[in-house]
1. How much length is gained if the chain between residue 291 and residue 340 is pulled fully straight, taking 0.36 nm per residue apart and subtracting their Cα-Cα distance, in nm to one decimal?
2. Given the DSSP H assignment, sum -39500 (n - 2.57) over each helix run of at least 4 residues in the chain and divide by its residue total; what's the result at 222 nm in deg cm²/dmol, nearest 500?
3. Given contacts defined as C-alpha pairs under 8 Å and at least six residues apart, what's the relative contact order of the chain, whole-number percent?
4. For the stretch 139-200, what Kirkwood radius comes out of the mean inverse Cα-Cα distance, in Å?
5. Between Rg and the Kirkwood Rh of the stretch 1-51, both from Cα atoms, what is the Rg to Rh ratio?
6. Pop the C-beta distance of residue 220 and residue 313 into the FRET formula with R0 = 25 Å and round what comes out to the nearest 0.05.
7. So in the chain, what percent of DSSP beta bridges are antiparallel if you round to the nearest 5?
8. Evaluate the Debye formula for the stretch 1-160 with equal point scatterers sitting on the alpha carbons, no solvent, and hand back log10 of I(q)/I(0) at q = 0.10, 0.16, 0.20 Å⁻¹, in q order, two decimals.
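What follows draws every value from the coordinates through simple rules; no lab data is involved. Nothing here was measured: the structure is a model prediction, and the numbers come from that model. Quick reminder, even Gly has a Cβ in these numbers, built from the backbone with ideal geometry, and neighbours come from all protein chains shown.
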Ligand code: XIL
């Protein structure tokens with residue numbers, strides 16, 4: 001077989017190239033997969049295992065084993081790890097639901113950040129300290145943290161992370177924070193952290209976009225505005241959905257409408273969509289290259305189409321094709337446009 005070009009080598013002088021990883025991958029269950037990952041990527045974000053529900057399942061119990069393995073995997077293959085994520089309203093440990101007092105939330109918040117960020121200082125390259133704290137209109141999202149700790153909690157999370165992990169880069173991460181209203185809220189949040197004299201090194205734009213509707217203008221404006229705050233800008237969970245939002249997929253076919261049943265995507269990605277996906281990725285990477293002094297990392301949310309969360313979201317059991325590699329790690333047209 002012909003050797004396919006390497007993404008990380010192609011963009012070596014420009015920015016890091018990352019992927020989301022799961023247990024099977026960093027446990028190296030499939031040596032060919034390991035080789036593929038090590039050749040294509042120089043950065044990685046755990047898709048789930050460092051989220052609080054998984055790394056901190058009980059009040060007094062942490063499960064560090066998977067994260068430790070991931071760190072080893074990174075060391076072995078020269079892949080920098082971005083910790084994801086310390087404070088997020090989703091995938092929280094179930095015991096949080098039973099907590100009703102401000103003091104206990106405060107204790108969880110402090111202990112969790114100290115323990116997890118502290119343990120991996122010098123072992124991970126960076127942390128998404130806070131994830132998705134904002135609403136679409138730029139106001140603070142109502143979460144258990146906002147409810148009990150007030151809207152200073154984001155600054156406090158960064159302060160605690162800075163103390164626990166002085167050698168680790170600290171980021172704020174969100175989706176749609178390239179859109180003007182949410183971006184304005186994001187900038188206000190960042191300025192507040194900076195005004196408190198607390199360190200924030202970068203901002204992550206997740207980049208879950210939709211084929212034919214990638215908001216290039218908003219993205220460009222966002223790179224400029226975030227960079228003007230002195231921050232690194234990263235695209236942290238990149239994928240481009242090709243399915244209509246409500247398309248159900250084969251496993252729930254009994255609930256599909258006639259229109260959905262005739263949807264050609266069940267038989268593979270139609271050529272016109274393949275072309276549009278490639279054009280979208282090409283335009284994105286042209287933009288990233290234009291701002292390579294500010295854009296430090298581009299991370300795909302999955303190695304190949306088979307890994308993608310979009311096969312199961314917002315509806316389970318769909319077949320989606322949002323990434324650069326197909327289910328056999330073969331490059332798609334979009335891959336060749338990107339490396340070219
Ligand atoms: C998703 C994972 O991909 C899924 O496996 C999991 O079931 C739910 O979370 N924004 C984020 C990511 O910051 O952590 C989410 O990851 C996708 C949206």
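1. 15.9 nm
2. -11000 deg cm²/dmol
3. 16
4. Final number for the Kirkwood radius of the stretch 139-200 is 12.4 Å.
5. Dividing the radius of gyration by the Kirkwood radius yields 1.01.
6. Once rounded, the FRET efficiency stands at 0.35.
7. 10
8. -0.43, -0.92, -1.23
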